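Asks: Take a look at the following structure, please.
Each reported figure results from applying straightforward, stated rules to the coordinates on display, with no laboratory input. Just so it is clear, the model here is predicted, and its values are computed rather than measured. FYI the Cβ positions are ideal-geometry reconstructions off the backbone, even for glycines, and counts take in every protein chain you see.
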Amino acid sequence: AQTAAALVICGLQKRLLSSIEAFASTLRVHKRAFDTKLSKADAGGGSGAAAAPERVGGAVHSSLRLLVETPDADDERGDAGEEAVSQEEAAAMEVATARSAGASPADAYARERELLERMTNLAEAARGRPDARVAHLISWFKKNPRRVLIFTEYADTKRYLERQLRAALTPGRESDPLIATFHGGMPDDAREDVKRAFNADPAKHPLRVLIATDAAREGVNLQNHCADLFHFDVPWNPSRLEQRNGRIDRKLQRAEEV
């Protein structure tokens, strides 16, 4: 129970540090699972949590590592669609929430429910707003309208970031080629199209901003006309930072400084 509770907290913390959007999405799953657990406890006439299911959504969860590890090129989930990965992560959060508490006093559950309500209200109110990092990226790009690569861990954050940048840089033009994304689950031809466009001569292709998840942190060369990279969030494993950097900080990089 303690391990599951720690994983729940770590999972929520990681997503909060990535974006309010990612935090809000996962918090909704946690709150729903908590309410279900509490309802079962109330129906049973006690405050103890119901036994956690071993099978959720048809998948056996022998490990809850999905709460703290995101898919990448070394992971078979790196090629999975974003919806499938999101469902796996949500199922893991539900299992961890169900396992995270044994018998607790009713007032402890009441306090936790109150905190969850407050966090949910704050997250939902703030989730669609640009944060300071977004404002910095927009300002930077307007001053430096050259190719830039932006990495994030989570699909929710990737979608949030694309919406924010499009609203500022391509308002009313949802399919403007100035901005593109690279993520797990993309067909091979779509991946190649994005890589080809990003590596093309900027005078011949308008793509300038590429937002990528860690599905692109290995085996993708993007240095041809790009020497600028932002980590929108910072992975807990420092080796991932170096692998991300290696997309442009490598041989055949034309710029003197990356």
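Asks: Kindly flag which residue pairs out of 14/142; 40/158; 143/251; 158/251 have an alpha-carbon separation exceeding 32 Å in this structure. Walk me through the numbers before you get to the answer.
Replies: Details: 14/142 29 Å; 40/158 36 Å; 143/251 27 Å; 158/251 28 Å.
As for pairs spanning more than 32 Å Cα to Cα, those are 40/158.
Asks: For residue 17 and residue 192 in one chain, what is 0.36 nm times their gap in residues minus the Cα-Cα distance, to one decimal in nm?
Replies: Result: 59.9 nm gained on full extension.
Asks: Sorted by mean Cβ packing within 10 Å, highest first, what order do the peptides 177-183, 143-149 take? Numbers along the way, then the final one.
Replies: Values: 177-183: 18.7, 143-149: 15.7.
Ranked from most to least packed, the peptides come out as 177-183, 143-149.
Asks: Convert each backbone phi in the stretch 120-134 into a coupling constant with the Karplus relation 6.51 cos²θ - 1.76 cosθ + 1.60 (shift: θ = phi - 60°), then list the ³J(HN,Hα) values in order as whole Hz, x for Gly and Pro.
Replies: After applying 6.51 cos²θ - 1.76 cosθ + 1.60, I find 4, 4, 5, 5, 5, 5, 9, 5, x, 8, x, 9, 5, 5, 4 Hz.
Asks: Additional query: Go from 0 up to the bin containing the longest alpha carbon distance in the stretch 98-216, width 10 Å each, and give me the % of pairs per bin.
Replies: All Cα pairs, binned at 10 Å, distribute as 11, 34, 25, 14, 11, 5, 1 percent.
Asks: Which whole-Hz ³J(HN,Hα) couplings does the stretch 175-183 yield from phi under the Karplus relation 6.51 cos²θ - 1.76 cosθ + 1.60, θ = phi - 60°, glycine and proline marked x?
Replies: Calculated HN-Hα couplings, in order: 10, 4, x, 4, 10, 9, 10, 9, 7 Hz.
Asks: For the stretch 195-258, what Kirkwood radius comes out of the mean inverse Cα-Cα distance, in Å?
Replies: Working: mean 1/r = 0.0808 Å⁻¹.
In the stretch 195-258 this quantity evaluates to 12.4 Å.
Asks: Per-residue HN-Hα couplings for the stretch 137-152, Karplus 6.51 cos²θ - 1.76 cosθ + 1.60 at θ = phi - 60°, whole Hz, x for Gly and Pro?
Replies: With coefficients 6.51, -1.76 and 1.60, one gets 4, 4, 4, 4, 5, 5, 8, 10, x, 10, 4, 9, 10, 10, 9, 9 Hz.
Asks: Another question about this same structure. Given a Förster distance of 22 Å, report the FRET efficiency between residue 129 and residue 176 from their Cβ-Cβ distance, rounded to the nearest 0.05.
Replies: On the way: r = 22 Å, r/R0 = 1.01.
So, using R0 = 22 Å, E works out to roughly 0.50.
Asks: Mind listing P(r) for the stretch 153-240? All alpha-carbon pairs, 10 Å bins, whole percents.
Replies: 15, 49, 33, 3
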